[in-house]
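Note sheet for the following structure.
The values are calculated or read from the model by the stated rules, or taken from the named source; none is laboratory data. These numbers come from a predicted model, not from an experiment. A quick note on method: Cβ atoms are made from the backbone with ideal geometry, for glycine too, and the neighbour counts reach across all protein chains shown. Heavy atoms of the whole protein, side chains included, go into the accessibility calculation; ligands, DNA and RNA do not. Shrake-Rupley method; radii C 1.70, N 1.55, O 1.52, S 1.80 Å.
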Amino acid sequence: MAGCLVAAPTASAATVFNEPLTYFNASTWQKADGWSNGGMFNCTWRAANATFTSAGQLRLALTSPSNNQFDGAEYRSTNKYGYGKYEVNMKPVKNIGVVTAFFTYTGPSEGTAWDEIDIEFLGKDTTKVQFNYFTNGVGGHEKVVNLGFDASQGYHTYAFDWQPGSIKWYVDGVLKHTATSNIPTNPGKIMMNLWNGTGVDSWLGSYNGANPLYAYYDWVKYTSN
């Protein structure tokens, strides 16, 4: 199985969801298809844009089926997960106007308040990573961190440890940022996506239409409390 839940032998040990992302397991993951988030998202999600490489990575694509029309990709877990550590080994896209993301999300479409915890790469400068979160739809917690390397040039491990009173973000095992105010409480789906923006040039820069563009995810891991 590509994704599995492994029950630890003792009551105090963690449960682990470990996904090597080598093929599409429909019992564990979903591909967004045929709709758009609207607003700043200048693309339609297409299941065909979430594929797997022969080397065993999830590949998300941003493509253009016709002039000034764009298709992105979103891959999300079928189940929701709560407090614990979320890790991803990935390589984002380097291109102005584009976002590559790893995050947890739940919201009105899931019958809950909007809670979200983000790791986002803005393609205009992939030597930085942006951390953010939303609690009941309230955001404004952006933190941009200098990486000391270009994330688009190789795989690195990014993580956040979500606890009742804090969120701690890590890069290659090194703590980079801690938040302790108004922390989300609702379990969410594990999400990965690639999209181009519109109307948010001050944040992303103006997308130049370059395509196809590809983001790669090697593995995902969740360890509960």
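Side notes on the structure shown:
- 3J(HN,Hα) along the range 29-45: 10, 10, 10, 5, 8, x, 9, 10, 6, x, x, 6, 8, 9, 7, 10, 6 Hz, from the Karplus curve 6.51 cos²θ - 1.76 cosθ + 1.60 with θ = phi - 60°, whole Hz, x for Gly and Pro.
- Checking (1) -0.38, -1.09; (2) -0.34, -1.19; (3) -0.34, -1.32 against the coordinates, the calculated log10 I(q)/I(0) by the Debye sum over Cα atoms at q = 0.09, 0.17 Å⁻¹ falls under label (3).
- Rounded FRET efficiency, nearest 0.05, which uses the C-beta distance separating Thr157 from Ser54 and R0 of 22 Å: 0.50
- When you restrict to C-alpha pairs under 8 Å that are six or more residues apart and normalise by the size of the chain, the relative contact order lands at 28 percent.
- Per residue solvent-accessible surface (Å²) - the chain, probe of 1.4 Å: 43
- Taking the average, over residues, of other Cβ atoms within 10 Å as the packing measure, peptides 64-71, 80-87 rank 80-87, 64-71 from highest down.
- Thr180 accessible area, assembled protein chains, probe 1.4 Å, Å²: 100
- If you count Lys pairs in the range 1-141 whose Cα atoms are under 19 Å apart, skipping same-chain pairs closer than 8 places in sequence, the total is 5.
- Interchain or long-range residues, amide H under 5 Å from Trp219's placed H: Asn89
- Proximal aspartates and glutamates relative to Lys143, as straight alpha-carbon distance under 13 Å, when same-chain residues fewer than 8 apart are discounted: Asp118, Glu120
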